[in-house]
1. Which condition number does residue 43 fail, the rest of (1) under 26 Å from residue 184 (Cβ atoms); (2) buried (at least 22 other Cβ atoms within 10 Å of the Cβ); (3) touching a strand residue (DSSP E or B) at 6+ places or on another chain (Cβ under 9 Å) being met?
2. Could you go through the stretch 193-215 and let me know if any residue there is within 18 Å of residue 107 (Cβ to Cβ) and assigned to a helix (DSSP H, G or I).
3. Just the residues that are under 17 Å from residue 121 (Cα atoms) and either buried (at least 20 other Cβ atoms within 10 Å of the Cβ) or in contact (Cβ under 8 Å) with a residue 40 or more places away in the chain (or both), please, taken from the stretch 171-180.
4. What is the residue count in the stretch 145-164 for residues that are assigned to a loop (DSSP other than H, G, I, E, B) and either under 14 Å from the mean Cα position of the chain (by Cα) or more than 13 Å from the ligand (Cβ to nearest atom) (or both)?
5. From 142, 182, 172, 176, grab the single residue that is within 16 Å of the ligand (Cβ to nearest atom), out of contact with any strand residue (DSSP E or B) (no Cβ under 6 Å at 6 or more places or on another chain), under 25 Å from residue 15 (Cα atoms) and not in a loop (DSSP other than H, G, I, E, B).
6. Evaluate the following for residue 7: is it part of a strand (DSSP E or B) and closer than 19 Å to residue 173 by Cα?
7. For residue 150, are the conditions met, namely being in contact with a strand residue (DSSP E or B) (Cβ under 6 Å, 6 or more places away or on another chain) and within 26 Å of residue 66 (Cα to Cα)?
8. Kindly establish whether residue 168 is touching a residue at least 24 places away in the same chain (Cβ under 8 Å) and over 13 Å from residue 93 (Cβ atoms).
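Every number in this text was worked out from the coordinates using simple rules, so none of it is lab data. Owing to the predicted nature of the structure, the values given are computational and were not obtained by experimental measurement. Note that we place each Cβ from the backbone using ideal geometry, even for glycine, and neighbour counts take in every protein chain shown.
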Ligand SMILES: [Zn+2]
């Protein structure tokens, strides 16, 4: 089977969505950039299947230019394939994507606001806040456009009244970032219970971002 290693990796991490409670049952989805028959595209979890039943052949390959669901596969790609594709097209550095309805990120997303730098770890998403994509119906082009906008200069964002999405240089990286976003959102909900948290200054966040850049280079 083509791209068997990648298919197995997607299944491994889909099971982790469940076991780590990042996105229980069949919510959320995972993809990996890939090439099949010289076509550039991505492999993505199928629509409506429980993670524990996934087999390598259930993972769907989609070309980057493909508008509609592939016909020669028995499985349909995740209904949210559109923003996966648009992230791969607009972010050359994105090699893997994790989308999750993780509890705290979803709760925070329902407020439709960016998360300010109440903690310096906000910088993990690539800037001095974590943006929240405006709400649109799942699977639509409008939602995809909103996600791409919220990901400008960022590698993760919230999706209003929905969840979160994170990408990385590999699946391990993207998954870890999604877990970090969930942690940050958990901390933020606790902080808000005590009133308005103190927010770090723009100057301080710039220092953190510069340090993080050097750290990555190192
Ligand atoms: Zn979703």
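1. All conditions pass for residue 43, except number (1).
2. yes
3. Filtering the stretch 171-180 down to residues under 17 Å from residue 121 (Cα atoms) leaves 173-180.
Result: 173, 174, 175, 177, 178, 179, 180.
4. Start the filter on the stretch 145-164 by keeping residues that are assigned to a loop (DSSP other than H, G, I, E, B), which leaves 151-155, 160-162.
Then keep just the ones that are either under 14 Å from the mean Cα position of the chain (by Cα) or more than 13 Å from the ligand (Cβ to nearest atom) (or both); that gives 151-155, 160, 162.
Count: 7.
5. Working: 142 fails: under 25 Å from residue 15 (Cα atoms); 172 fails: within 16 Å of the ligand (Cβ to nearest atom); 176 fails: within 16 Å of the ligand (Cβ to nearest atom).
Only one candidate passes the filter, namely 182.
6. Working: part of a strand (DSSP E or B): no; closer than 19 Å to residue 173 by Cα: yes.
Judged against the criteria, residue 7 is not a match.
7. Details: in contact with a strand residue (DSSP E or B) (Cβ under 6 Å, 6 or more places away or on another chain): yes; within 26 Å of residue 66 (Cα to Cα): yes.
Yes: the conditions hold for residue 150.
8. Numbers: touching a residue at least 24 places away in the same chain (Cβ under 8 Å): yes; over 13 Å from residue 93 (Cβ atoms): no.
Taking the combined requirement at face value, the residue does not satisfy it.
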